[in-house]
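Take a look at the structure set out below.
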Amino acid sequence: MTTTRGARTPRELLSAFVGRVAAGDVAGIAGAYAADAVVSLPRGREAAGSQAIERAYAAALAGGALLAVGRADDAAALELLVESARVIETGPLSMVSFTGADGAVRTMVAWLGEDGWAWVRDGSMLRDVEAALGAGLSDVA
């Protein structure tokens, strides 16, 4: 599995993450989350844990969702998204908010572990992406 672990800062984690989302790198996306992370899905559902998160992103991307980040070939827009993100860091926790290509504000929570920063709570990236509820997500809450 590709991983974005080892990010030295929450902004570095976001940079790697948005690049992988824009490129459709499902394994890399899932690798940015802690093993016990939770991602909000449509209709009050959640994907909990690495495997469920990977399946949710795979279904969303297969359904044509760019997940509000932008296109991989628009490096300037991706860089602006990362640079304009708001990062609030307190000890080993950080809240990262950014405005996506669709104009909506997204907020995620990261945690600093021994191997770098990882997302632990994501309440916005897949929340409105119906395709994320695709087949094979029977273990979502």
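Can you go through Ala110, Ala77 and tell me which one is hydrophobic (A, V, I, L, M, F, W, C) and outside any strand (DSSP E or B)?
Criteria check complete, one pass: Ala77.
Here is a list: Arg106, Arg121, Arg71. Which entry is surrounded by 12 or more Cβ atoms within 10 Å (Cβ to Cβ), basic (Lys, Arg) and modelled with pLDDT under 85?
Arg71
Considering only the range 80-97, state which residues are of a type in the set (A, V, I, L, M) and part of a helix (DSSP H, G or I).
Residues satisfying the conditions are Leu80, Leu81, Val82.
In the range 40-67, which residue that is over 23 Å from Trp111 (Cα atoms) and not in a helix (DSSP H, G or I) is modelled with the highest pLDDT?
Checking each candidate, the answer is Gly63.
Of the numbered conditions (1) crowded, with 16+ Cβ neighbours inside 10 Å; (2) touching a residue at least 24 places away in the same chain (Cβ under 8 Å), Asp25 satisfies every one except a single condition; which is it?
(2)
Take Ala60 and tell me if it is under 15 Å from Ser124 (Cβ atoms), crowded, with 19+ Cβ neighbours inside 10 Å and in contact with a strand residue (DSSP E or B) (Cβ under 6 Å, 6 or more places away or on another chain).
no
So the check is Cβ under 9 Å with 6+ separation or different chains; which pairs have a first residue in the range 28-44 that's more than 15 Å from Val129 (Cα to Cα) and free of Cβ contacts under 8 Å to residues at least 24 places away in the same chain and a second one that's of a type outside the set (Val, Ile, Thr) and part of a strand (DSSP E or B)?
Within 9 Å, the pairs are Ala35/Ala118.
The values are calculated or read from the model by the stated rules, or taken from the named source; none is laboratory data. Only a predicted model underlies this, so the values are computations on that prediction, with no experimental measurement involved. Virtual Cβ from ideal backbone geometry, glycine too; neighbours counted across all protein chains shown.
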